[in-house]
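Below is one structure, written out as structure tokens; the observations come after it.
A short reminder: the numbers here are calculations on the coordinates, not readings from a lab. Here the structure is a predicted model, which means the values were calculated and not measured. Every residue, glycine among them, receives a Cβ derived from its backbone with ideal geometry; neighbour counts consider all protein chains shown.
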Amino acid sequence: MKVSEALQTRMTCRAYLDTPVPEATVRAILAGASGAPSGGNLQPWRVWVLTGNELSRLKAVVAEKFAAGQLADGWPEYSIYPPDMKEPYLSRKFKAGAAMYAAIGVERDDAPERMQELARNFTFFDAPVAMFFAIDRSMQQGQWADLGMFMQSVMLLAREHGLHTAALESWSFWFKTVAEFVRMPEELMLFCGMALGFMDRIHPINRLRTERAPVDEFAALQGF
């Protein structure tokens, strides 16, 4: 698969088959992604991978808390979005959310259904493999960019293996639960979860594709 094809077919997959992903495949993806750019070769990423009974146990812990009315451990330790989001970013976010709920026929004012869909984030959309990405608290913006490039590399290599992913910053709301479960060292901060598996191509939510701005809207090419 060409890089361009991997980019064109990568998407946030929100429904998966229960087909297992071999450990060798996961290892190959992580090993390949470790070649991502890293300023000073710091390689600031840390990863935990769960599947099988371990993943089921974690999901059960979160589901029990959710059922008891606890929707999070608290606010994430970083801001997922700017607190005062301006245009055009606010409209893009609103449009993407509206399109997602429209794809599965959930009305804007249907709070129970929207909450149920939110809860699916914490099942990894039934993907057979879950990943957690963390970074040392001493790192700065440059290293966070490195972590992002590492995760992008994971997502593109997943496509090479016929797999799909969903990056889930929503898991940062369960930072205490995750840290305790995987025994994450205190000096690390949970950034993101990620679902990995084979796409359920029949599920309507996987028909969703978000729009991207044309090149001339975000780039200035000079001297050509």
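Can you tell which of ILE135, GLN222, TRP75 lies farthest toward the positive end of the dipole of the chain, using +1 and -1 charges on the Cβ of basic and acidic side chains (Lys, Arg; Asp, Glu)?
The residue sitting farthest along the positive end of the dipole is GLN222.
How long is the gain from GLU113 to ASP18 if the chain were fully straight, where each residue apart is worth 0.36 nm and the alpha carbon distance is subtracted? Intermediate results must be reported in sequence, preceding the final value.
On the way: separation 95, 0.36 × 95 = 34.20 nm, distance 2.35 nm.
Roughly 31.9 nm would be gained on extension.
Can you give the Rg/Rh ratio of the stretch 1-61, where Rg is from the C-alpha atoms and Rh is the Kirkwood radius? Display every interim value, and only then the final one.
Working: Rg = 15.0 Å, Rh = 14.7 Å.
Rounded to two decimals, Rg over Rh is 1.02.
For a quick check of your reading of the filter: which trypsin sites (Lys or Arg not before Pro) in the stretch 89-158 sit in a DSSP loop and have no more than 12 other Cβ atoms within 10 Å? Walk me through the intermediate numbers first.
Values: sites: ARG92, LYS93, LYS95, ARG108, ARG114, ARG120, ARG137; in loops: ARG108, ARG137.
The qualifying sites are ARG108, ARG137.
Run the helix sum for the chain: -39,500 (n - 2.57) per DSSP H stretch of 4+ residues, divided by residue count, reported at 222 nm to the nearest 500 deg cm²/dmol. Don't skip to the end; give the middle numbers.
On the way: 8 runs with 91 residues, N = 224.
The helix contribution divided over the chain gives -12500 deg cm²/dmol.
Counting other Cβ atoms within 10 Å, which GluC sites (Glu not before Pro) in the stretch 105-142 have at most 16 and lie in a DSSP loop? Before the final figure, lay out each step's value.
Details: sites: GLU107, GLU113, GLU117; in loops: GLU107.
When the GluC sites (Glu not before Pro) of the stretch 105-142 are filtered for loop state and at most 16 Cβ neighbours within 10 Å, GLU107 remain.
Which residues in the stretch 65-106 have a backbone N closer than 20 Å to a point placed 7 Å from the Cα of ASP216 along the Cα-to-Cβ line?
88
Which value in Å does the Kirkwood hydrodynamic radius of the chain take, with 1/r averaged over all unlike C-alpha pairs and then inverted? Write down the numbers at each step before the final one.
Values: mean 1/r = 0.0531 Å⁻¹.
After inverting the pairwise mean of 1/r, the radius is 18.8 Å.
Can you give the extra length, in nm with one decimal, that the chain gains between SER79 and LYS2 once fully stretched, where that is 0.36 nm per residue apart less the Cα-Cα distance? Let's see the in-between values first.
Numbers: separation 77, 0.36 × 77 = 27.72 nm, distance 3.40 nm.
Contour length minus Cα-Cα distance gives 24.3 nm.
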